[in-house]
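This report concerns only the one structure given below.
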Amino acid sequence: MSAGQQELQALSEQLQEIQDAIESLEATVEGIRERQEEIDEGISAIEGIETGTTVQVPLGGGAYARAEIQDVDELIVDLGADYAAEFDREGAIEALEDKSDRLDDRIEEVTEQISELESESSQLEGRAQQLQQQALQQQMGGMGGPAPDE
């Protein structure tokens, strides 16, 4: 295998690794967006409930129980890292909005990483095209040489 072919092979492997990383990061962004949708649903639910409202409470394993809201100003919000805190309605909404804002920041970070990888990929693809053209020119040059003497 010539040096040019080896470099093309290495570029191909690098491009595949970058593409895999981009796909992984895109999946991360999708997962973050799903979490934001859940937060938005939580905010809407909090805004819509009143004391005395009947709701379905998840018990786990797909089982639910009907329950009546005793006090809309006693809401528990998951803070992450296995911590939760009790808030009044406005505090719970604010905590969820803060969570959503942090997720927005994370999406921005991951999107920047994707852009950097796409830029790197474009550069590698350009180099691969150069190598392919050089190899093609060398093949064409080898075919068009002087005819052998008879």
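Values quoted throughout were computed directly from the atomic coordinates according to the rules given, and no laboratory measurement underlies them. Just so we're clear, the structure is a prediction, and the values are computed from it rather than from any experiment. Every residue, glycine as well, gets a Cβ built from its backbone with ideal geometry; the counts of neighbours run over all protein chains shown.
Observations, loosely collected:
- Comparing SER2, SER12, GLY31 along the charge dipole axis of the chain, the residue lying farthest to the positive side is SER2, per the Cβ-charge model.
- Taking all Cα pairs closer than 8 Å and separated by 6 or more residues, the relative contact order of the range 1-110 comes to 22 percent.
- Virtual spin-label span in nm between TYR83 and GLN123, 7 Å along Cα→Cβ: 4.0
- Label selected from [x] 173; [y] 108; [z] 118, the criterion being volume of the Cα convex hull per residue in Å³ as computed here: [x]
- Summary of the geometry: the range 2-61 and the range 110-137, compared by the centres of their Cα atoms, lie 26 Å apart.
- At R0 = 30 Å, FRET efficiency that the Cβ-Cβ distance of ALA63 and ARG106 yields, to 0.05: 0.40
- Qualifying GluC sites (Glu not before Pro) in the range 1-92, where qualification requires a DSSP coil assignment and no more than 13 other C-beta atoms within 10 Å, comprise GLU50, GLU74.
- The angle separating the long axis of helix 3-48 from the principal Cα axis of greatest extent in the chain is about 10 degrees.
- Against the chain, whose longest principal axis is taken from its Cα atoms, helix 89-143 shows a tilt of about 10°.
- Dipole orientation for the range 31-81: of the candidates GLY61, THR51, ALA81, GLY61 has the Cα lying most toward the positive pole (charges on Cβ; Lys, Arg +1; Asp, Glu -1).
- Residue order, fewest to most beta carbons within 10 Å, for SER2, SER12: SER2, SER12
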